[in-house]
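Below is one structure, written out as structure tokens, with a few remarks after it.
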Amino acid sequence: MSSPPSPLAPPQPAHPANTNLAHLNPLPKSVFTLPQTAQLEALYTIIRDKETSRGDFLFYSDRIIRLLVEEGLNHLPVVKRTVETPTGAIYEGVGFEGKICGVSILRAGEAMEAGLREVCRSVRIGKILIQRDEETALPKLFYSKFPQDIASRYVLLLDPMLATGGSAMKAVEVLIEHGVPEERIIFINLIASPEGLTTFCAKYPQLKVITGWIDQGLNEKAYIIPGLGDFGERRYCT
Ligand code: URA
């Protein structure tokens, strides 16, 4: 007699149909994606679906943001740290090196702040507003507010959608003007276009990009395809 099926589903392997990384081949050395598992793709499928309610969009995009923030933190350096455990043993481990801060690109990037605060207690957050200049059609800085010691911090730059890369590159330019070295910035986004990644990484090759998913490309209105539409509209229902 055969044994009854195990009630536990086996761990899901990376989705065999997921060839999204082929949209950018080879991947620039500075780009890191989340492990492309079927579970992750299931989260993306929910937030891409135009029928998904706002509540579910918030819940599932927050789950992805949390994974992205954790992955971003993995790229920060550590230093040796020795502690004594309650058993009296000495443990030679590591501790965080340096201070961090988040910088969200308004308005959609603000949606990622809570995910950062959940994993980094009392993290300092800066904000930056970049919009298209009506006359030149180029990204223009409208507002920025940073911790006064930002130049000595590692910066997690937050923007959910990397489309053309225009705003993100302008944001990096402003951070560098404020004294933050390029290699101390980690740019975190949920979905990236191959075009945006290529332009961004060519301009800032030392800056690490953590993205959840690389999509097919951009349409004529610079929306990511298949994408999820306008992240701000989906999130804030405006
Ligand atoms: N911003 C969005 O919200 N969606 C896109 O597809 C591109 C930029």
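No value in this document is a laboratory result; all are computed from the given coordinates. Quick caveat: nothing in here was measured; it's all calculated off a predicted structure. Reconstructed Cβ throughout: ideal geometry from the backbone, glycine too, with neighbour counts over all protein chains shown.
Taken about its Cα centre, the chain carries a charge dipole of roughly 360 debye when the Cβ of each Lys and Arg holds +1 and the Cβ of each Asp and Glu holds -1. Would you mind telling me which residue in D215, D133, D49 has the biggest mean-square fluctuation in a Gaussian network model of the chain, where springs connect alpha carbons within a distance under 10 angstrom? Per the Cα network of the chain with a 10 Å cutoff, D133 tops the list.
Taking θ as phi - 60° and the Karplus parameters 6.51, -1.76 and 1.60, the scalar couplings of the stretch 228-234 work out to 9, x, 8, 4, x, 5, 5 Hz in sequence order, x denoting glycine and proline.
With a sphere of radius 14 Å drawn around the Cβ of Q36, what net charge do the other residues whose Cβ falls strictly inside it have (Lys, Arg +1; Asp, Glu -1)?
Details: positive: none; negative: E41, E71, D215.
Here the count lands on -3.
The stretch between T198 and V78, if pulled fully straight at 0.36 nm per residue, gains 40.3 nm over its current Cα-Cα span. With a cut-off of 16 Å on the backbone N, the residues of the stretch 149-165 near the modelled label site 7 Å out from K221 along Cα-Cβ are 163-164. Amide H contacts of Q216: I225, G227, each under 5 Å away and 5 or more positions distant or on a separate chain (H built 1.01 Å from N in the peptide plane; Pro and chain starts excluded).
Summary: within the chain, the longest segment free of trypsin sites (Lys or Arg not before Pro) located in DSSP loops with at most 13 other C-beta atoms within 10 Å is 122-220. Calculation over all alpha carbon pairs of the chain in 5 angstrom steps from 0 returns a P(r) of 1, 6, 13, 17, 19, 15, 11, 7, 4, 3, 2, 1, 0, 0, 0, 0 percent.
Using a simple spin-label model with pseudo-atoms 7 Å out from Cα toward Cβ, D149 and E135 lie 4.0 nm apart.
Taking amide hydrogens as placed 1.01 Å from N in the peptide plane, the amide H of K140 sits under 5 Å from those of Q131, R132, D133, each at least 5 positions away in sequence or on another chain. Taking the charge dipole of the chain about its Cα centre, with +1 at Lys and Arg Cβ atoms and -1 at Asp and Glu Cβ atoms, the residue from M112, I64, C237 reaching farthest to the positive side is M112. Placing dummy labels 7 Å off each Cα toward the beta-carbon, the span from A89 to A114 is 4.0 nm. How far is the Cα center of the stretch 35-86 from the Cα center of the stretch 180-194, in Å? Rounded to whole Å, the Cα centres lie 16 Å apart. Placing unit charges on each Cβ (+1 for Lys and Arg, -1 for Asp and Glu) gives the stretch 56-203 a dipole about its Cα centre, and among H75, T85, G126 the Cα reaching farthest toward its positive end belongs to T85.
Taking every Cα-Cα distance in the stretch 107-182 and sorting them into 10 Å bins from zero, the calculated P(r) comes out as 17, 50, 28, 4, 0 percent. How much net charge surrounds F96 when only the other residues with a Cβ under 13 Å from the Cβ of F96 are counted, with Lys and Arg +1 and Asp and Glu -1? My count for the surroundings of F96 gives +4. Each other residue within a Cβ distance under 13 Å of T211 adds +1 if Lys or Arg and -1 if Asp or Glu, for a net charge of -2.
Let me know the number of lysine pairs in the chain closer than 15 Å at the Cα, not counting same-chain pairs under 8 apart. Can you show the working numbers first?
On the way: K29/K203; K29/K208; K127/K140; K127/K145; K127/K170; K140/K170; K145/K170; K170/K203.
Total qualifying Lys-Lys pairs in the chain comes to 8.
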